[in-house]
Structures are given as structure tokens and as C-alpha cells.
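Undergrad: Structure incoming, see below.
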Amino acid sequence: MNLKEIVSCIGAETLHGEDLLEKVEVEKAYASDLMSDVLAFAWPGTLLLTGLTNVQIVRTAQMMDIPAVVFVRGKRPQEEAVALAKNIGMPLLVSSMSMYETCGLLYKAGLSPCVIPAREA
Amino acid sequence: MDSRYEVEFKVRGDDFLAAGEASNQIKETLIMLGVPSPISRRASVITYEAEMNLVIHSGGGILRAIITPEKLTIEAKDQGPGIPDLDLAMREGFSTASDKVREMGFGAGMGLPNIKRNSDCLQIDSLIGKGTILTATVFFHQGEGNRG
Ligand SMILES: Nc1ncnc2c1ncn2[C@@H]1O[C@H](COP(=O)(O)OP(=O)(O)OP(=O)(O)O)[C@@H](O)[C@H]1O
Ligand SMILES: [Mg+2]
């Protein structure tokens, strides 16, 4: 799915990166308010959904080769986060829906999850 | 690739705005040197987790990457408080991070186990009151490490 399809699927607002929407393709999504878990479980190329808004969200996405971020619950990323995203060419979207509803729509539309590998207890 | 390539960055403690800049520069260096993406991705996780630990737990430190034709070594060195119980710190879920750090999405006690998973070798030397040296190695060719 490309980001344009994702925008129309969840009725998202594009904060930045309008020109990239058709170019960026994602197959998977990972939703979390824990960047610690994103670093452990998100696959490269995954779309990130989060309710956090700080600059480290964009930084974490950049390090994990995550091409775009959707902020849920109508949360707007902080100024520094937008500035970094603009700088590195990462589209940012805002969904006014809850995490659950946003994810549900994307799952129904065919975005797959990141499978969590078994690990030592 | 030259036989040895080294980059070093100073990481400031509690500077959450800059946190990750060093790791990103190391990532770009690896890509520039033609390191294949499965390796550079593992390296990114290691460096970023180690950098965040310098920012969060140790009042800053030095992050260094050493690249040779065989392997990548990532070193995080600090003069912070040290880690009193390393076995405990290596356990998923153990964290001493503050509420402020947790509100930013970190401090879930995932970092050190994640570094271990992504390294072929991991060594942590820590002395209470003196500091910590974390050394993680990723081999470029399979069969040279003990991962898996
Ligand atoms: N460089 C360091 N200096 C002092 N203590 C450290 C250092 N690195 C880690 N620790 C200690 O080890 C604990 C576990 O580290 P780990 O990276 O696994 O989790 P975390 O940093 O607390 O959370 P997360 O990595 O999920 O954001 C930390 O909470 C801290 O107590
Ligand atoms: Mg950590």
C-alpha cells in the first residue's frame, strides 16, 4: 500500500510530505507508544503508528528504516519532530481516530503486522 | 574498503533533542562504506540503544564505531554511575529510567537485551562510580560469531 492509499483509508491529515505519498510503499505496520518496543520489534520498512509526539519518535523511525509515521488520537508532533522529519524527507500523518480504530482500518485494508519473534523469558 | 575505519562521537547526557545524531552518522558511514543493509540495520539498533543509554543513564559518553573488513565493533564508553547488577540489567523489563524518560517512550528495559540479540559478541565492563564500557561486535560473514 502506498501512503496515499493509507491517507484515504484512515482519513488522515498530511502534516508534511504530500509529494512523497504516492512514492512511499509500506507492507507492514507497527503501533506502539513505547519506542523501546519499536526498536526491538518493528521490521524495516514498516509504517509506525504512535500517540507520542516528541522528536525521538522521528529519530527512532529514521534509525529503524521506518519510512513514515502516523500520529493517532489527533496528536500533533512537536515542532522539533516536524523539523527533523522535513530535514530527512519523512512524511508525517495525523489520524483523528484512536489507535485501535486506526489500526483496525489499516489491518482490514491489508497491512500486515510485524511478527514478534519468540525469545528467552 | 580501507583495512580500518574509525568514527567517534561525543554524546551529551540528558540531551534528548540531539540523542540519536551520533548513531545516525554512524549509520550513514556504514552505508557509505557499502556495508550490506541487514548488517547496518543490526548496527543501527546497537548504536542507537547504546547512545540512548549514554543519554539516559550515564550523563553522556563516547560512542565509537570501528570497521574492518571482517567486523564492526561498536563501543560506548562513559564515566557514569556504573551498573551494579549486570545480570539484572540484561533482563528484559528491568529499568531504572525516570518517569520523564518513560513519558518519551523509553525506559522499558528492552535496550540491553536488544543489543545482545543484534550482536555476535557483547561485552560489558562496568565499575560502580567509575563508568561502563560496552563493546558489541557484528561480523560481516556468517560463522565467525556465536549468534543464534
Ligand atoms: N551506560 C549505563 N550506565 C549506567 N547504567 C546503565 C547504563 N546502561 C544501562 N544501564 C542500566 O541498565 C538498565 C537496563 O538498560 P536497558 O537499556 O536494557 O533498559 P532502559 O535503558 O532502562 O530502557 P530502554 O532501553 O527500553 O529504553 C537501565 O535501566 C540502567 O539501570
Ligand atoms: Mg536502554
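The values are calculated or read from the model by the stated rules, or taken from the named source; none is laboratory data. The shown structure was predicted, so the numbers you read here are calculated from the model rather than taken from an experiment. Glycine also receives a Cβ, built like all others from the backbone with ideal geometry; neighbour counts cover every protein chain displayed.
Undergrad: Identify all residues within segment A:49-72 that are surrounded by fewer than 24 Cβ atoms within 10 Å (Cβ to Cβ), closer than 16 Å to A:I10 by Cβ and within 11 Å of chain B (Cβ to nearest Cβ); write none if there are none.
TA: A:G51, the sole residue that qualifies.
Undergrad: Could you please find all residues in segment A:22-68 being more than 16 Å from ligand 1 (Cβ to nearest atom), among the β-branched types (V, I, T) and either more than 17 Å from A:P117 (Cα to Cα) or free of Cβ contacts under 8 Å to residues at least 12 places away in the same chain (or both)?
TA: The answer is A:V24, A:V26, A:T53, A:V58, A:I66.
Undergrad: Cβ-Cβ under 7 Å, sequence separation 6+ or interchain: first residue in segment B:81-101 and at positive phi, partner part of a loop (DSSP other than H, G, I, E, B). Which pairs?
TA: As it stands, the answer is B:G82/B:I128; B:G82/B:G129; B:G82/B:K130; B:G93/B:G109, since those pairs meet every condition given.
Undergrad: Looking at the structure I just gave you, is B:I56 closer than 22 Å to B:D14 by Cα, surrounded by fewer than 21 Cβ atoms within 10 Å (Cβ to Cβ), at pLDDT 95 or above and among the hydrophobic types (A, V, I, L, M, F, W, C)?
TA: For B:I56, the condition - closer than 22 Å to B:D14 by Cα, surrounded by fewer than 21 Cβ atoms within 10 Å (Cβ to Cβ), at pLDDT 95 or above and among the hydrophobic types (A, V, I, L, M, F, W, C) - is not met.
Undergrad: Filter segment A:104-119 down to residues that are farther than 19 Å from A:G45 by Cα, of a type outside the set (G, A, S) and within 14 Å of chain B (Cβ to nearest Cβ), then give me how many there are.
TA: 1
Undergrad: Checking A:L34 against (1) closer than 25 Å to B:M52 by Cα; (2) away from chain B (no Cβ under 14 Å), only one condition comes out false. Which one?
TA: A:L34 satisfies every listed condition except (2).
Undergrad: Search segment A:82-101 for residues that are at pLDDT 95 or above and pair each with any residue that is basic (K, R) when their beta-carbon atoms are under 8 Å apart and the residues are at least 6 apart or on different chains.
TA: Sorted first by the residue in segment A:82-101, then by its partner, the pairs are A:L84/A:R59; A:V94/A:K75; A:V94/A:R76; A:S95/A:R73; A:S96/A:R73; A:M97/A:R73; A:S98/A:R73; A:M99/A:R73.
Undergrad: Could you list all residues from segment B:76-95 that are near ligand 1 (Cβ under 6 Å from one of its atoms) and closer than 15 Å to B:E49 by Cα?
TA: Within segment B:76-95, B:D78, B:A89, B:F94, B:S95 meet the criteria.
Undergrad: Which residue is nearest to B:T96 (Cα to Cα), if the candidates are limited to segment B:51-70 and must be of a type in the set (A, V, I, L, M, F, W, C) and near ligand 1 (Cβ under 8 Å from one of its atoms)?
TA: B:I56
Undergrad: Now, a different point. Out of the residues in segment A:8-37 that are over 14 Å from A:V72 (Cβ atoms) and β-branched (V, I, T), which is surrounded by the fewest Cβ atoms within 10 Å (Cβ to Cβ)?
TA: Per the criteria, the residue is A:T14.
Undergrad: Of all residues in segment B:105-130, how many are more than 9 Å from ligand 1 (Cβ to nearest atom) and over 17 Å from B:E75 (Cβ atoms)?
TA: 3
Undergrad: How many residues does segment B:22-38 contain that are crowded, with 17+ Cβ neighbours inside 10 Å, part of a helix (DSSP H, G or I) and away from ligand 2 (no atom under 13 Å from the Cβ)?
TA: 6
Undergrad: With the requirement that a residue be over 14 Å from the mean Cα position of the chain (by Cα), within 14 Å of ligand 2 (Cβ to nearest atom) and not in a loop (DSSP other than H, G, I, E, B), what does segment B:89-125 give you?
TA: Scanning segment B:89-125 gives B:A89, B:V101, B:R102.
Undergrad: Give me the pairs, please: first residue somewhere in segment B:108-122 and within 10 Å of another protein chain (Cβ to nearest Cβ) and under 18 Å from B:T96 (Cβ atoms), second residue anywhere and within 14 Å of ligand 2 (Cβ to nearest atom) and among the hydroxyl-bearing types (S, T, Y), beta-carbon distance under 7 Å, and either six or more positions apart or on two chains.
TA: B:A108/A:S36; B:A108/B:S95; B:G109/B:S95; B:M110/A:S36; B:G111/A:S36
Undergrad: A follow-up question, please. Quick one: count up the residues across segment B:53-73 that are hydrophobic (A, V, I, L, M, F, W, C) and either assigned to a loop (DSSP other than H, G, I, E, B) or more than 14 Å from ligand 2 (Cβ to nearest atom) (or both).
TA: 5
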